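These notes are about the structure you will find just below.
The values are calculated or read from the model by the stated rules, or taken from the named source; none is laboratory data. Nothing here was measured: the structure is a model prediction, and the numbers come from that model. Note: ideal-geometry Cβ built from the backbone for every residue, glycine included; neighbour counts use all protein chains shown. Side chains are part of the model used for accessible areas, which takes the heavy atoms of the whole protein and leaves out ligands, DNA and RNA. Shrake-Rupley method; radii C 1.70, N 1.55, O 1.52, S 1.80 Å.
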Amino acid sequence: MISTPIDPRTAWSPFEPSDSQPWTPALAGHLHRRAGFGAGWPELERTLADGPQQSIDRLVAPVGDLAAFQQTYDGYDASAGSALGLSQWWLHRMLHTPHPLLEKMTLFWQGYFPADFTRVKNAALMARHVSRLREHALGSFREMLKAMAHDPAMLMSLGADDNRKAQPNAKLAGELLRRFTVGAGQFSEQDVREAARAFTGFRVLRGELQHFPREHDEGEKTVFGQRGRWTSEDVVRITLDQPATARTVVRKLYRWLISETSEPGDELLEPLAESFAKDYDLARLTESMLRSKMFFSAMAYRQRVKSPVEYAVGIVKALEATVPAAPLAQDLAALGQSLYEPPTVAGWPGGPFWLNSFTMLGRGRLAGAMLAKEDRYGGKVDPAAIAQRHGQTAPEAAAAFFLNVFLQGDLDPAARDDVLRDASSARGPEETVRMVHQIVALPEFQLA
């Protein structure tokens, strides 16, 4: 990886491996953790052989019948009747999708536009909400913002499902400006009040957003200094025209794809924000980050804490397995990540919030249950069988193999020696399970 300081002027230029900055297993693993949920050994080997740019091509535009996959799982989502049922089907997607980047970005946007089942109480609306996020996750932020500003689940989550001319509801307008677009300090309370007037006339009735013209304020409104008889779509357009909106999106995506441990300076983000503001193309912005020198630098490597979902799905992916999604959804909810119930209007806090003595114990119990031969996960995950499949049957060889699969061999030497020493006395599949459990409990595996 690039260990020298990154020049902001070249930070977003494509990373090209060289003798001084080679393409390594550690960087291949880093790519799969950030652009998906991790990978098994065959995929890691392919990525290492193909190099970064060709591998990113495959992640951005995977081969396969994605439309058929989405249609099948959209049907299942719509039939789920609870937050738990919805979470099960989303976890099914994550485990089986031919397009992991799409699911990873959909998860990001559910944190950006966090609709909450406990407020909506309608599985069909919640399924539709996340389906819309998925539709636009690598598309147009302009179209996504329009959709979210008129999404019944989003409005109900914000308490903005009834907005009348006589009593404008400012909850959507406030969140639209504060979190979704220009950001705190970039607007006035008058902008919020005037934007709220532009959204009058909308009500959510029987699960559908309806517009009542007689309840819409037809008067002139001034938003960001622009005066006119604005409607809701005008407000979306005006906020997208503000340079601060592109900066907000880029900054939040930086925390998701690059680093959540340090605050990037404006000089670093400005080239991306300026380019993004021209067309709000999310695929291009995401690719620019993934392909960049910054992404493959020490400033990005292991600079995010895995959420419970990333942690659990990463174990399953690494072991080339699958698990029943019902117990997984329950266990992840216990760890604080119910996919359709973000805890606040700002989504999941992330970062250090995910790691404390309670959650670390919970992660250990979850990993133990998934790896158990007989438990609620049905013994679907079999480390010994994976080691045998790849010809690594001797205990020390199996330990080295799993250190490469889960951490690409990149961990503290003392910790590596501990794992290998313990493995030297291992006999049988039960010891292999304990060894893998030891690896996924390491601090390094908690980081993306």
Quick one: if the Förster radius is 30 Å, what FRET efficiency do ASP7 and ASP422 give, using the C-beta to C-beta distance and rounding to 0.05? 0.10
For the range 186-341, what does the accessible surface come to per residue with a 1.4 Å probe? Please give it in Å². 38 Å²
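When the Kirkwood radius is taken over all Cα pairs of the range 1-84, what Stokes-Einstein diffusion coefficient follows at 37 °C and 0.692 mPa s, in µm²/s? Intermediate results must be reported in sequence, preceding the final value.
On the way: Rh = 15.6 Å.
It diffuses with D of about 211 µm²/s by this estimate.
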The distance between the Cα centres of the range 4-29 and the range 240-295, in whole Å, is 18 Å
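Got a number for carbon plus sulfur as a percent of the range 208-255's accessible area, 1.4 Å probe?
Answer for the range 208-255 is 45 percent, counting heavy atoms of protein chains only.
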With a sphere of radius 10 Å drawn around the Cβ of LEU209, what net charge do the other residues whose Cβ falls strictly inside it have (Lys, Arg +1; Asp, Glu -1)? -2
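If DNA, RNA and ligands are ignored and the probe is 1.4 Å, what is the ranking of LYS252, LYS278 by accessible area, most exposed first? Walk me through the numbers on the way to the answer.
Numbers: LYS252 70, LYS278 155 Å².
Order by accessible area, largest first: LYS278, LYS252.
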Probe 1.4 Å, all chains present, heavy atoms only: HIS150 accessible area in Å², nearest 10, is 40 Å²
Long-range share for the range 244-296, i.e. C-alpha pairs more than 14 Å apart as a percent of all pairs, stands at 46 percent
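Residue separation times 0.36 nm, minus the C-alpha to C-alpha distance between SER188 and THR72: what's the value?
Result: 37.2 nm gained on full extension.
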Under 5 Å, built H, 5+ apart or other chain: amide partners of SER297: ILE2
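What does the highest-first list of 11-17, 104-110 look like by mean Cβ count within 10 Å?
In decreasing order of mean packing, 11-17, 104-110 become 104-110, 11-17.
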I'd like the Karplus ³J(HN,Hα) series for the range 192-201: coefficients 6.51, -1.76, 1.60, θ = phi - 60°, whole numbers in Hz, and an x wherever there's a Gly or Pro. 5, 4, 5, 5, 4, 4, 5, 8, 5, x
Whether the range 178-292 is rounded, prolate or oblate, judged on the alpha carbon gyration tensor where a/c under 1.5 counts as rounded: prolate
Enter the angle in degrees (range 0 to 90, nearest 10) between the Cα long axis of helix 413-423 and the first principal axis of the Cα atoms of the chain, meaning the one along which they spread out most. 60 degrees
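How big is D for the chain, in µm² s⁻¹ as a whole number, if Stokes-Einstein is applied with the Kirkwood radius of its Cα pairs at 37 °C and 0.692 mPa s? Provide the component values of the computation, followed by the final result.
On the way: Rh = 23.2 Å.
My calculation gives 141 µm²/s for D.
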Neighbourhood charge, 13 Å Cβ-Cβ cut-off, centred on THR322 and excluding it, Lys, Arg +1 and Asp, Glu -1: +1
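Which pairs break 21 Å Cα to Cα here: LYS171/LYS221; LYS104/LYS252; LYS104/LYS171; LYS121/LYS317; LYS146/LYS171; LYS121/LYS165? Walk me through the intermediate numbers first.
Values: LYS171/LYS221 17 Å; LYS104/LYS252 14 Å; LYS104/LYS171 28 Å; LYS121/LYS317 32 Å; LYS146/LYS171 16 Å; LYS121/LYS165 27 Å.
Distance filter (> 21 Å) returns LYS104/LYS171; LYS121/LYS317; LYS121/LYS165.
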Please list, ordered by chain and number, the residues whose modelled amide H lies under 5 Å from the amide H of ARG164; skip anything fewer than 5 residues away on the same chain. ASN169, GLY201
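From the protein chains alone at 1.4 Å, what is the descending order of accessible area for LYS221, LYS171, largest first? Mind showing how you got there, number by number?
On the way: LYS221 0, LYS171 110 Å².
Output order, biggest surface exposure first: LYS171, LYS221.
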For GLN330 and SER82, extending 7 Å from Cα along the Cα-Cβ vector and measuring point to point gives, in nm, a value of 0.9 nm
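For GLU103, GLU431, write out the residues from largest to smallest accessible area, computed with a 1.4 angstrom probe and no ligands counted. It would help to have the intermediate numbers written out before the result.
On the way: GLU103 0, GLU431 50 Å².
Per-residue accessible area, sorted high to low, gives GLU431, GLU103.
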Quickly work out the THR322-to-LEU355 label distance, labels modelled 7 Å from Cα along the C-beta direction, and quote it in nm with one decimal. 3.3 nm
For TYR112, solvent-accessible area (1.4 Å; no DNA, RNA or ligand), Å²: 10 Å²
Solvent-accessible area of TYR377, probe 1.4 Å, all protein chains present, reported in Å² to the nearest ten, please. 0 Å²
Could you check the simple spin-label distance between GLU430 and THR393, using points 7 Å along Cα→Cβ, in nm with one decimal? 2.1 nm
For the range 129-234, state the semi-axes of the equivalent ellipsoid (square roots of 5 times the eigenvalues of the alpha-carbon gyration tensor), sorted largest first and rounded to whole angstrom. 21, 18, 12
Could you state, as a whole-number percent, how many of the C-alpha pairs of the range 54-171 are farther apart than 20 Å? 45 percent
